[in-house]
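Trainee: I'd like to ask you about the structure that follows.
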């Protein structure tokens, strides 16, 4: 996301949800960013459903097995090497599946970049092991899309609970309706809320 988008987003969010004033940092916002392409999807699959610290440790070890993090290099790795680096068997299988599809031309990251948010989300979700959360995070963190909202993310739900002074974590449906007025800057909202949660 460009800095102008972030500034516009913050202005819009403050006008629609005054409570965001408690979430805007005085310093620069630490954005959730990942590289585009296989490296980004690899990072996000590693990060699925584990702590930030565990994910960073596994990423460092898995990425260290390759000269360059890409589909072809990943396919050269033996499963046991990746397993010893801390990655679970299902995640190894998911990433090998993505890598094979990219190498065989059945999936194209450059084509993905040309699609609108919904079509890009659907295109990603056709890959085994890539669900809604990973697709949303790829669009936001790897492609810099400004209006992505990962409704099922527990960290976001906790931060929305704090923002709205709710007694319990909002449901996926609540998350969708609460963030409706934050469009077209829901990615900015997510980054602000994540920064507070972390």
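The values are calculated or read from the model by the stated rules, or taken from the named source; none is laboratory data. Values in this document were obtained by computation on a predicted structure and should not be read as measured data. Note: ideal-geometry Cβ built from the backbone for every residue, glycine included; neighbour counts use all protein chains shown.
Trainee: Being more than 20 Å from residue 56 (Cα to Cα) and either surrounded by 13 or more Cβ atoms within 10 Å (Cβ to Cβ) or under 22 Å from the mean Cα position of the chain (by Cα) (or both) is the filter here; which residues of the stretch 74-89 pass it?
Mentor: Within the stretch 74-89, 75 is the sole residue that qualifies.
Trainee: State whether the residues of the stretch 1-10 include one that is touching a residue at least 24 places away in the same chain (Cβ under 8 Å), within 26 Å of residue 114 (Cβ to Cβ), surrounded by fewer than 20 Cβ atoms within 10 Å (Cβ to Cβ) and within 13 Å of the chain's Cα centre (by Cα).
Mentor: No, the stretch 1-10 has no match at all.
Trainee: Got a number for residues in the stretch 11-35 being under 16 Å from residue 196 (Cβ atoms), under 23 Å from the mean Cα position of the chain (by Cα) and in a helix (DSSP H, G or I)?
Mentor: 2
Trainee: Further question on the same structure: Across the stretch 152-198, what is the total count of residues that are assigned to a loop (DSSP other than H, G, I, E, B) and either loosely packed, with under 13 Cβ neighbours inside 10 Å or at pLDDT 95 or above (or both)?
Mentor: Counting residues in the stretch 152-198 that are assigned to a loop (DSSP other than H, G, I, E, B) and either loosely packed, with under 13 Cβ neighbours inside 10 Å or at pLDDT 95 or above (or both) gives 13.
Trainee: If you don't mind, there's one more thing I want to ask. Would you mention how many residues in the stretch 90-110 are more than 10 Å from residue 127 (Cβ to Cβ), surrounded by fewer than 17 Cβ atoms within 10 Å (Cβ to Cβ) and touching a residue at least 12 places away in the same chain (Cβ under 8 Å)?
Mentor: 4
Trainee: Output the residues belonging to the stretch 130-171 that are over 12 Å from the mean Cα position of the chain (by Cα) and farther than 20 Å from residue 52 by Cβ.
Mentor: Those that are over 12 Å from the mean Cα position of the chain (by Cα) and farther than 20 Å from residue 52 by Cβ: 146, 147, 163, 164, 165, 166, 167, 168, 170, 171.
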